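Everything on this sheet refers to the single structure shown next.
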Amino acid sequence: MSFDAAAVRKAAETGFESRGKVLPEWIDYNGHMNVAYYLVAFDTGLDSFVDTLDFDAEARARTQMTTMTLEGHIQYLGELMEGQSYRLCNQLYDFDSKRMHVAQTMYGINDDGSEFLSATMEWMSLSVSLETRRSAPFRQEVLDAFEAVWDVHKDWEVPTWVSRSIGLPPGKSLVRP
């Protein structure tokens, strides 16, 4: 086993929490964090998740295995402003021998320490061989780490927004029946 089971379990209990601050260069013409930087923040939070599972830079170089994103979906729910702190949490929603489905939540942190839901993200990522640039099964150590995470996350409440498709509500479109 190449991963630290105790560290994985402890990190899983906190949702592999990470924190950040909205940088000045992340602000757009509307005076809030630009949509592209939400993705940057979520991606950084996903890195902290997979790095704990023995998928860090050293492991990628050693094993020639990585993950690549197949699909992602962000919901923007509350503005983040320049200099504002945020907190990210990851939840392992599902996995198989080659894919992982992760749900992330981003909470904005107000000056008084209170929090609000700022955005959500879900990812479908694929295990990929860097030698062939094709999908390949996760290493057994990674699957074992997923099992350790799942042992914690299996009882977490499933977010209502996971696996939601995008579209106008039925009957609201002006052009589609």
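The values are calculated or read from the model by the stated rules, or taken from the named source; none is laboratory data. All of these numbers come straight from a predicted model, not from anything done at the bench. Every residue, glycine among them, receives a Cβ derived from its backbone with ideal geometry; neighbour counts consider all protein chains shown.
Data for the structure
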| read-out | value |
| --- | --- |
| Some residue of segment 109-131 being outside any strand (DSSP E or B) and in contact (Cβ under 8 Å) with a residue 60 or more places away in the chain | yes |
| Among the residues listed as 159, 137, 169, the single one being assigned to a loop (DSSP other than H, G, I, E, B), under 14 Å from residue 99 (Cα atoms) and of a type outside the set (Lys, Arg) | 137 |
| In segment 26-71, residue surrounded by the fewest Cβ atoms within 10 Å (Cβ to Cβ) [restricted to those that are in contact with a Phe, Trp or Tyr (Cβ under 7 Å, 6 or more places away or on another chain) and either modelled with pLDDT under 95 or within 18 Å of residue 143 (Cα to Cα) (or both)] | 69 |
| Residues of segment 75-101 satisfying the condition of being farther than 15 Å from residue 137 by Cβ, part of a strand (DSSP E or B) and aliphatic (A, V, I, L, M) | 88, 92 |
| Search result, residues across segment 5-16 that are touching a helix residue (DSSP H, G or I) at 6+ places or on another chain (Cβ under 8 Å) and assigned to a loop (DSSP other than H, G, I, E, B) | 16 |
| Test for residue 72: is it in contact with a Ser or Thr (Cβ under 8 Å, 6 or more places away or on another chain), in a strand (DSSP E or B) and not polar (S, T, N, Q) | no |
| Segment 93-106 - residue that is more than 9 Å from the chain's Cα centre (by Cα) and crowded, with 21+ Cβ neighbours inside 10 Å and, of those, nearest to residue 41 (Cα to Cα) | 106 |
